[in-house]
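Worksheet for the structure shown next.
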Amino acid sequence: MKPLHRENHLIERIGWLRAAVLGANDGIISTASLMVGVAAASTNSSEILVAGVASLVAGAMSMAAGEYVSVSSQADTENADLQKERRELAEDPESELAELTQIYVRRGVEPALARQVAEQMTAKDAFTAHARDELGLAEHVVARPIQAALTSAVTFALGAAIPLIISLVAPTAQIAPIVSGGSLVCLAVLGALGARAGGADIWKPTIRVTFWGAIAMAATAAIGTLVGHAV
């Protein structure tokens, strides 16, 4: 008999993958959009560069803080549910066993077998069984605030660096179209890579992120043009 092999499921990546894709997308879109908007209002390359650097720093800090607060709130809710489950297991284990049995029955297991499975799962580790099967909390989906914050900040900064680097090598008069075009290409590549890492079809995410990136850049370019002419 062959030994059981270790399966690596794509869902195990969901925690860091979501934060990474979100951070990189935001870094490219927000920084490129800001730079394109400033370029539409001013031909001063130093002003465009300062806007890009400010976007990188402020955006990375904002992403880190936002992800940490958001995921910490999720973690607090998860912990509260887990503590509640611990109390219920300590105070009324028989009701919890019946509850676990009904969970398996609703999933299609015969009542007698469901009771037997619930008893065996409870004997091995009642808390883990209830956390997973009643609350839907497993190790690979539990909230990790620090991981989410660091991943978002780093990937935002990396994404924001792309339009900055493009602006440094682009002619001043052509910064807006070159930054826009280069950033959209990078967004498309990022969308495809994120989809591939998550095991999804690459076309929908690629088109989606490129489309909304183009909308954001067009909007800020239009506003920058109006402001530049008004001033």
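The values are calculated or read from the model by the stated rules, or taken from the named source; none is laboratory data. The structure displayed is predicted, hence computed values, not measured ones. Cβ atoms come from the backbone with ideal geometry, glycine included; neighbour counts cover every protein chain shown. Ligands, DNA and RNA are excluded from the accessible area calculation, which covers all protein heavy atoms including side chains. Shrake-Rupley method; radii C 1.70, N 1.55, O 1.52, S 1.80 Å.
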Checklist entry - Which residue, chosen from ALA40, GLN174, SER95, occupies the Cα position most advanced towards the positive end of the dipole of the chain, where the dipole is computed from +1 (Lys, Arg) and -1 (Asp, Glu) charges on Cβ about the Cα centre? => result GLN174
Item to check | Positive-pole candidate from VAL105, LEU193, HIS130, dipole of the chain, charges at beta carbon | outcome: LEU193
Checklist entry - How fast does segment 69-121 diffuse by Stokes-Einstein, in µm²/s, taking the Kirkwood radius from C-alpha pairs at 37 °C and 0.692 mPa s? => result 264 µm²/s
Checklist entry - What are the principal axis extents of the Cα atoms in the chain, in Å, biggest first? => result 76, 41, 28
Next on the checklist: So with the 1.4 Å probe, I'd like the accessible area per residue for the chain, rounded to whole Å².
Outcome noted: 58 Å²
Checklist outcome for this item: Toy charge model, Lys and Arg Cβ at +1, Asp and Glu Cβ at -1: the chain dipole around Cα centroid in debye, rounded to 20, equals 1000 debye
Next on the checklist: For the chain, set up a GNM with springs between Cα atoms under 10 Å and report which of MET121, MET61, MET35 has the largest fluctuation.
Outcome noted: MET121
Item to check | Of all accessible heavy-atom area on the chain, the percent that carbon and sulfur account for (1.4 Å) | outcome: 66 percent
Checklist outcome for this item: The Cα radius of gyration of segment 80-166, divided by 2.2 N^0.38 Å with N its residue count, comes to 1.69
